[in-house]
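The values are calculated or read from the model by the stated rules, or taken from the named source; none is laboratory data. This one's a predicted model, so the numbers in the text were calculated from it and none came from an experiment. Cβ: placed from backbone, ideal geometry, glycine included. Neighbour counts: every protein chain shown. Please note that ligands, DNA and RNA were not included when accessible areas were found on the heavy atoms of the full protein model with its side chains. Shrake-Rupley method; radii C 1.70, N 1.55, O 1.52, S 1.80 Å.
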Amino acid sequence: MTQAVTKILHAISQSLEVPVIIVLLILIAAAIVIIGWIIAEYFNEHRHMDVKLPELMDKIRAGHSTVEECIKDSGMLKTQKAALIEVTKHKDFTDVMLDSLTDELIEREQARYDKTLKITNLMAKLGPVFGLLGTLIPLGPGIIALGQGDTTTLSNSLLIAFDTTVAGLIVSAVAIIVSTIRNTWYSRYMSALETIMDCVVEMEKMK
């Protein structure tokens with residue numbers, strides 16, 4: 001009975017070797033994609049984020065230009081401008097309604113960033129998991145080959161084990177670095193948005 005269960009377990013573990021390697025290859029391809037993604041994000045979005053909050057707040061408060069014009073001329077991102085201008089479109093809203101709207105807009109923007117971060121955060125966790133699976137699965141036949149004096153099979157098993165470990169760690173390292181960079185960027189974006197949003201809402205309530 002014990003031998004039968006052991007054979008079944010061994011068969012299951014060995015049948016996972018190819019799927020694990022395929023998943024690792026997919027993760028490596030995904031790591032390459034996110035490297036290109038964050039480079040594109042830097043040139044298309046991050047470097048255009050050039051807003052001086054005190055100056056923009058003074059400009060909005062001064063009232064020389066409309067709030068919409070101040071926002072459009074600011075160095076904020078397109079999605080941030082859209083959220084801020086949305087607030088100014090509802091001049092007939094009560095204070096409570098304005099607060100609810102701003103909360104929804106901020107949560108929507110935060111959810112968009114969180115969705116992007118989930119991808120790299122998941123990759124950072126999956127990389128080591130599948131790397132470890134790819135390390136352990138070939139070691140079974142390798143240990144058997146060692147007992148039989150089959151150094152060729154042992155060498156192949158160890159090579160697969162080392163390669164999958166390296167692949168998993170590379171995926172995890174890339175994902176962690178990208179997540180860290182994006183966390184820094186997105187925290188800055190949200191801080192700027194919330195600050196200007198409060199300023200815009202206060203000006204709307206004073207009208």
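Here are some notes:
- Whole-number percent relative contact order across segment 126-207, with pairs defined as alpha carbons under 8 Å at least 6 apart: 33
- Under a model in which nothing but the beta-carbon of Lys, Arg (+1) and Asp, Glu (-1) is charged, the chain shows a dipole of about 440 debye around its Cα centre.
- GNM result for the chain, Cα springs below 10 Å: residue of PRO128, PRO138, PRO54 fluctuating most strongly: PRO54
- Solvent-accessible heavy-atom area per residue, rounded to whole Å², over segment 1-119 at 1.4 Å: 66
- Placing R0 at 41 angstrom, the Cβ-Cβ distance between LEU169 and ASP92 gives a FRET efficiency of 0.10 after rounding to 0.05.
- Estimated vicinal HN-Hα couplings, Hz - segment 27-35 in sequence order (Karplus 6.51, -1.76, 1.60; Gly, Pro = x): 5, 5, 4, 5, 5, 5, 5, 6, 5
- Applying the Karplus relation 6.51 cos²θ - 1.76 cosθ + 1.60 with θ = phi - 60° to segment 140-149 yields 3J(HN,Hα) values of x, x, x, 5, 4, 5, 5, x, 9, x Hz, where x marks Gly and Pro.
- Three-way shape call for segment 18-109 based on the alpha-carbon gyration tensor, with the a/c threshold at 1.5: oblate
- Rounded to whole numbers, the Karplus 3J(HN,Hα) couplings from phi for segment 164-179 are 5, 4, 4, 4, x, 5, 4, 4, 5, 4, 4, 5, 5, 4, 5, 4 Hz, using 6.51 cos²θ - 1.76 cosθ + 1.60 with θ = phi - 60°, and x at Gly and Pro.
- Selected from THR184, SER172, LEU132, residue furthest toward positive end of dipole (the chain; charges at beta carbon): LEU132
- Global form of segment 104-207, assessed from the alpha-carbon gyration tensor, a/c cut-off 1.5: prolate
- Alpha-carbon centroid distance for the pair segment 1-53 / segment 181-207, whole angstrom: 34
- Charge dipole (the chain, unit charges on Cβ, about Cα centre) - positive-most of HIS90, THR120, ILE32: ILE32
- Within straight-line cross-link reach of LYS81, lysines at Cα separation under 22 Å, skipping those fewer than 8 residues along the same chain: LYS52, LYS59, LYS72, LYS89, LYS91, LYS115, LYS205, LYS207
- Accessible-area composition of segment 39-185, carbon plus sulfur, in percent [1.4 Å probe]: 62
- Only Lys, Arg, Asp and Glu carry charge here, each on its Cβ (+1 for the first two, -1 for the last two); on that basis segment 116-207 has a dipole of about 180 debye about its Cα centre.
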